[in-house]
Structure formats: C-alpha cells, structure tokens
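Just below is one structure, and these are the notes that go with it.
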Amino acid sequence: MKLAILDDWFDTLRTLPCFTKLDGIDVTVFTDHEPDPDRLAERLKPFDAVVLFRERSAMTAQILRQLPNLKLISQRSVYPHVDVDACTANGTLLCSNMHAGTPSFAAAEHTWALILAAMRQIPQQMANMQAGRWQMGVGKTLNGRTLGLYGYGRIAKAVETYATAFGMNVLWWSSEAGRARAKADGKTIASSRDAFFSTPDVISVHVRLKPSTRGLITAHDLALMRDDALFVNTSRAGLIEPDAMLNALNAGRPEKAALDVFDVEPITWLDDPLITHPNVTCTPHIGFVTEDEFELQFSDIFDQVAAYKNSAPIHMINPSVWDQTASQ
Ligand SMILES: NC(=O)C1=CN([C@@H]2O[C@H](COP(=O)(O)OP(=O)(O)OC[C@H]3O[C@@H](n4cnc5c(N)ncnc54)[C@H](OP(=O)(O)O)[C@@H]3O)[C@@H](O)[C@H]2O)C=CC1
Ligand SMILES: O=C(O)C(=O)CO
C-alpha cells in the first residue's frame, strides 16, 4: 500500500510515536503545498491512500476523476474541502477522526496563552529585555473583568473553564441554536448582539467557518467594542469581514487583537500591516500544535489507514456531517 501525506509542511508527523502504526506501508510525506489541481492529481496517481493534514489541499471532483485507483482519504477533523459525491463516484472511502480526539484543550489553552500575552504585553516586555532595556509596560488584571465568548462549541466551553479560574465573568453569544443550548446550560447570554460586542474587556471567537459564517463578524461589530478591549481569534480569519480587523485596530476599537489565524497561511511576505501592527499579538496557527494533540488525532488517522490495509473495519462518520462544517 502506498500512502501520501499532504501538507505536513514541517514533517512533524514522522516524529510522532503513532507513526509506527504505518509500519509496513510505503509512506511519502509532502512538505510542500501543490495548489494546482491537475499537478496535484498527477502527484497522487501512484498512491492508494491520502492523509490530509488539514484543509489545505482540496480534493475536488476535478482531482478525484483523475485518481480512479485512490481507495482511501483520511482527513483530520472535518472540512468540506473533500467532495463527498466525487468520492462516492470514485469508490474512494472518506474517513475522519472527528469523533475520537477533539482539539479543544490545545486550542483553548492557546487562546489563553494569547490572552495573557496580550494583556500583560509579554512579547513586548521580552523584546525590551533582550534589547537591554528594563522597562515596565503596564498590563491588565483579568480577575473581575468580562470575557465575551462567541460560539457555544467545544473550544469555547473549554476556554470558559479557564476564565472561571481567573475570576472573570463570562458573557455568551452564538447562533440561535447555540444560544438556546447555552441558555439551557444556565449561561449568561448578552441581551443583544450589540450588547455582546460593546460590553466585554476581551472577546474571543470560537465558530466554525462555513459559507454561512464567512464574514460573520463585521466592521460594525468591531466598532462597537470598547476602546480598551482585546479581540481574540483562534478560529478562522474568514469569520471576520475582509479588512475589518486592520481597519478596526487603526480606528482604535478594539484596542488590541490576538490572532492565531490569517487570511493567507503561511504568510510569505514581510511587513504585513496586520501582523506587524503594534497592537497585535500573533502566532502562526499553532492552536492545535502540541505533541499531545497531534498524537491523539493522528493516532486515529493512522489506525484507519492500517485498518484499511488489513481489511479491518474502519470508523466512519455520516457523510451528511460534511455539509455542516467548513473552513477556508
Ligand atoms: N487555531 C487552531 O489551531 C484551531 C482552530 N480551531 C477552530 O476553532 C473553531 C471552533 O472549533 P470547535 O469549538 O471545535 O467547533 P464546534 O463545532 O464545537 O463549535 C462551533 C460553534 O460555532 C457555532 N456557530 C455555528 N454557526 C454559527 C453562527 N452563524 N453564528 C454563531 N455561532 C455559530 C456553533 O453553534 P451551533 O452549531 O449551535 O450553530 C458552535 O457553537 C473552528 O473554527 C475551528 O476550525 C480548532 C482547532 C484548532
Ligand atoms: O482543527 C482545526 O480547525 C485547526 O485549526 C487545526 O488545523
């Protein structure tokens, strides 16, 4: 069996203990990204199976038509960048690890790393020290402040548990269905969407990107935020209306942003006005990048590949789930 792993840009999977589950399988790891569909199809022709590190290479009908011998696609998490109908037409089995590992703790912890770094100006304080300057940037205490959480899903709930430990008040907003679930769980929901944006000291967004949530957070929403507030995004940049984040920071509302996700990843140029903005704390999409999380998630993926090779039963999810989720 020949397996291609796509978009493992830093060749990290090979270092995981669970990689040994692929023993006996001829594995090729592609550390570059091939954006051209026909060239990607050409690249994949020799392979029986493909593992998608995340939603970077779309498995479209155009590609799958050229891969009649592709037997298995296993993708981490669930995104709509794999054409389910084309897989069915092709006889390609599509699996995900979605129901096994969840990325909630790693991403939630990283959300807090960003909040703390921004509130205490840690990157700036460290840069000053390393430049030989002993200066004191005055930070903000979290205790007693209000955290606004947008989206009532796995990561938002994990983020909330740490907020409680910091003595923060939590105010929620989500889709109507999310708000109904939050209300049933006894959470405090903002009286209106506008009230949600105008009240908190920190707002963190935890929503999936799909056609209906693209541009969900608008320039109007950001302009409602306090002029001393922090906006945090570890979900997807496409949830924010194009250019709204930079314009809002330049207008001074919110004061700061802490970002793990960007419109184009990886960035390939210097002087990006958002990333180099003095009021932005940023990281290169590392919310889920921990040894523990990788092991948890790819262990499932590699089990599926090995099960397929050994003709053993594979954990599958209902294809209709693919319609419910999406990303960039
Ligand atoms: N930075 C990183 O490395 C990582 C980022 N992520 C990202 O974090 C985000 C959250 O993931 P996770 O918590 O697992 O997702 P979940 O699916 O558990 O939760 C998503 C939430 O979004 C809500 N939602 C959906 N549509 C809307 C809408 N129109 N308005 C408001 N809320 C809406 C859902 O509510 P409902 O379903 O009730 O409508 C749900 O509460 C995702 O974007 C994911 O891609 C995840 C892991 C790592
Ligand atoms: O699982 C996710 O949504 C991530 O951002 C990591 O790819």
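Return the pair list, or none, for Cβ contacts closer than 7 Å from residues in the range 190-215 that are within 15 Å of ligand 1 (Cβ to nearest atom) to residues that are part of a helix (DSSP H, G or I) and among the hydroxyl-bearing types (S, T, Y), at least 6 apart or on different chains. These pairs meet every condition: S204/T111; V207/T213.
Consider G186 carefully, then state whether it is closer than 23 Å to T141 by Cβ, exposed (fewer than 15 other Cβ atoms within 10 Å of the Cβ) and of a type in the set (G, A, S). When the stated conditions are applied, G186 does not pass them. Of all residues in the range 42-58, which are in contact with a helix residue (DSSP H, G or I) (Cβ under 8 Å, 6 or more places away or on another chain) and modelled with pLDDT of 95 or more? If the condition is that a residue be in contact with a helix residue (DSSP H, G or I) (Cβ under 8 Å, 6 or more places away or on another chain) and modelled with pLDDT of 95 or more, then L44, A49, V50, V51 are the ones that fit.
Residues in the range 59-95 that are touching a helix residue (DSSP H, G or I) at 6+ places or on another chain (Cβ under 6 Å), within 16 Å of ligand 1 (Cβ to nearest atom) and either in the same structural domain as K210 (by TED's automatic domain parsing) or more than 23 Å from V27 (Cα to Cα) (or both): 1 in all.
Exactly one residue among V138, V170 is assigned to a loop (DSSP other than H, G, I, E, B) and among the β-branched types (V, I, T), and that residue is V138. Every test in (1) assigned by TED's automatic domain parsing to the domain that holds F30; (2) within 29 Å of F262 (Cβ to Cβ) is passed by A127 save one, and that test is (1).
Residue by residue, here is whether (1) within 23 Å of C282 (Cβ to Cβ); (2) within 16 Å of ligand 2 (Cβ to nearest atom); (3) in the same structural domain as S77 (by TED's automatic domain parsing); (4) surrounded by 23 or more Cβ atoms within 10 Å (Cβ to Cβ) holds:
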residue: L142; (1), (2), (3), (4): yes, no, no, no
residue: I155; (1), (2), (3), (4): yes, yes, no, yes
residue: A177; (1), (2), (3), (4): no, no, no, no
residue: R208; (1), (2), (3), (4): yes, yes, no, no
residue: T218; (1), (2), (3), (4): yes, no, no, no
residue: F231; (1), (2), (3), (4): yes, no, no, yes
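The numbered conditions (1) modelled with pLDDT of 95 or more; (2) touching a strand residue (DSSP E or B) at 6+ places or on another chain (Cβ under 9 Å); (3) outside any loop (DSSP other than H, G, I, E, B) are all true for D300 except (1). The set of residues in the range 74-101 that are at pLDDT 90 or above, charged (D, E, K, R) and touching a strand residue (DSSP E or B) at 6+ places or on another chain (Cβ under 9 Å) contains only D83. Entry remark, the range 227-250: residues being of a type in the set (A, V, I, L, M) and within 16 Å of the chain's Cα centre (by Cα) number 4 in total. For the range 241-265, taking the residues that are within 12 Å of ligand 1 (Cβ to nearest atom) and not in a loop (DSSP other than H, G, I, E, B), the one that is surrounded by the fewest Cβ atoms within 10 Å (Cβ to Cβ) is identified as L259.
Quick check on my filter: what residues within the range 277-297 are among the aliphatic types (A, V, I, L, M) and in a helix (DSSP H, G or I)? The one that is among the aliphatic types (A, V, I, L, M) and in a helix (DSSP H, G or I): L296. Of the residues making up the range 124-157, those that are in contact with a strand residue (DSSP E or B) (Cβ under 6 Å, 6 or more places away or on another chain) and more than 30 Å from D300 (Cβ to Cβ) are T146, L147, G148.
The values are calculated or read from the model by the stated rules, or taken from the named source; none is laboratory data. Bear in mind the structure is a predicted one, so any value in this text is a computation, not a measurement. Using ideal geometry, Cβ is built from the backbone for each residue, glycine included, and neighbour counts are taken over all protein chains shown.
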